[in-house]
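These notes concern the structure reproduced below.
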Amino acid sequence: MRWIKQIYDCFHAYKQWFLMLMATSLLFSFLAWLAYPETFKVLVGLMIVFTLAMISLSVFIIIRKQKIIEAAFQDFLLEPNEVNEERLCHVSPKTHWSFIRRMGSVIRSYQSELQEQVIELTEYENYIEGWVHEIKKPLSLMTLLLDNRSDEMSPLVRQRMLHIRDQMLGDVERILYFARLGAAHKDYIFESINLLAFCKQTMEDHQTLLDESGFQIQFIGEEMEIVSDRKGLAFILEQIIANSTKYVAQNQGNPILKFEMVYDEVSDQTILHIRDNGPGVYEEDLPFIFDKGFTGGRGTYTRQATGMGLFLVSKMAYDLAIQLDAKSELGSGVVISLIFPNVKQ
C-alpha cells in the first residue's frame, strides 16, 4: 500500500507534466493518423508503449530522488549544520538552494538563542537550589535557639517566631518541590500508611501555623490504610493547610479545619475530605484553582494567592496517582478531596 501512495503522490505532484506528455502523445497519434493511415495502428501502439515506459521511468526516478531528498532533509532537521545544509542543496533542485540556506541560517540562529536560554535557566536553577540549601542553615540555627532559649522569651514572642519559621520552611519546601518537578528520576517510596494517624502527625508538625490563626482541628471517620509516598503526601497536606491558614477570613471567630476519612464502596477507594469554613471561592474560579499562576478573578479566598501552592499540589498528586476534587460555596469554605488509588497488596 505504501508504494501505491508514493505513486499517487508522485502523479499528484507532477500531474501537469504527465498531462503534457499524454497530450503530446495524442497530438502525434492524430498526426500519424493523418500522415500514415495504413500504419496508424502500429504507430499508435508504439506511441502508447513509449509513453507508458516514459511515465514509469519518470515515476521511478522521481520516487528515488524524493527518498534521497527526504533522507538528507531529515538529517538536516536533526542537525542543521552547514555540512548537512550543503548535502541537502546538492540533492535538491537548484531553485531551492537559496531557501534551504536561508532556512538553515534561521534554524541555527534560533538554536543558538535556545542554547543560551537553557544555560541561563540551568544557572538560575542551580543558584535557587543553592540558596535554598543555604537558607536552611539560619533556619536550623533559629530552631536551635527557639528550643534552647525558650525561657528567655515570652510565650507570645516564641509562638510568633515559630510561626514565622514554619512559614519560611513551607516556602523553602515549595521551591524545592517546584525545582524537582522536571527531574527525570523522583525518589518516591510507596508504602502502607495509616491515613488518620498520618493526618494527626502532620497537624502536630504544623501546629504553630494553626495556633497563629486560631484553627480548631477535627478528625472524622475511622482509621484507613492507603499506599503512598510519605514525603509527597505530607507536602500535599502542608500546602492545603497553608492555604486554609493564609486565606482565613479576617476577624473570623471560629476557624475550623476538618479531616474526614471516607471509604467509597462503589469505587472501592479511600477518600480524604479536607474542609475549612473560610471565605470560599467564587463558582467561576473553582475549576481553575489548581492551575499554575491562577489567583482568582474576585474571590476572597484567592485575593492574596500566588497561584503556586495548589498547582504544586496537583503536580504531586498526579505523581502519586491521587485524584483531586474541589467544592466550595462562597462564605462556606472549601472542600478539597484526595481520592487515593485502589492498590492490591
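The values are calculated or read from the model by the stated rules, or taken from the named source; none is laboratory data. The shown structure was predicted, so the numbers you read here are calculated from the model rather than taken from an experiment. Positions of Cβ are generated from backbone atoms using ideal geometry, with glycine treated the same way; all protein chains shown enter the neighbour counts. Each accessible area value is taken on the protein alone, full model and side chains, heavy atoms only, with ligands, DNA and RNA left out. Shrake-Rupley method; radii C 1.70, N 1.55, O 1.52, S 1.80 Å.
A few comments on the model shown:
- From the list 50, 76, 40, 18, the one residue that fits, being more than 39 Å from the chain's Cα centre (by Cα), in a helix (DSSP H, G or I), under 28 Å from residue 97 (Cα atoms) and among the aromatic types (Phe, Trp, Tyr), is 18.
- Close pairs (8 angstrom Cβ cut-off, 6 or more residues apart or separate chains): over 15 Å from residue 258 (Cα atoms) and aromatic (Phe, Trp, Tyr) in the stretch 221-245, open to solvent by 20 Å² or more (accessible area, probe 1.4 Å) and assigned to a helix (DSSP H, G or I) anywhere: 235/173; 235/177
- Looking only at the stretch 16-36, and only at residues there that are modelled with pLDDT of 75 or more and of a type outside the set (A, V, I, L, M, F, W, C), the one that is surrounded by the fewest Cβ atoms within 10 Å (Cβ to Cβ): 16
- Top-ranked residue of the stretch 149-175 - restricted to ones that are over 17 Å from residue 241 (Cβ atoms) and β-branched (Val, Ile, Thr), ranked as most open to solvent (accessible area, probe 1.4 Å): 157
- Options 100, 119, 135, 69; residue that is surrounded by 13 or more Cβ atoms within 10 Å (Cβ to Cβ) and more than 27 Å from residue 7 (Cβ to Cβ): 135
- If you check 51, 39 for being open to solvent by less than 50 Å² (accessible area, probe 1.4 Å) and hydroxyl-bearing (Ser, Thr, Tyr), only one passes: 51.
- Residues that are farther than 20 Å from residue 246 by Cα, in contact with a Leu (Cβ under 9 Å, 6 or more places away or on another chain) and surrounded by fewer than 18 Cβ atoms within 10 Å (Cβ to Cβ), drawn from the stretch 326-345: 341
- Residue in the stretch 186-196 that is open to solvent by 70 Å² or more (accessible area, probe 1.4 Å), under 26 Å from residue 289 (Cα atoms) and without any contact (Cβ under 8 Å) to a residue 40 or more places away in the chain present: no
- Apart from one condition, residue 229 fits all of (1) among the charged types (D, E, K, R); (2) modelled with pLDDT of 75 or more; (3) closer than 24 Å to residue 134 by Cβ; the exception is (3).
- Inter-residue pairs, beta-carbon under 7 Å, first of a type in the set (A, V, I, L, M, F, W, C) and in the stretch 57-68, second modelled with pLDDT under 80, 6+ apart: 59/7; 59/10; 62/10; 62/14; 63/6; 63/10
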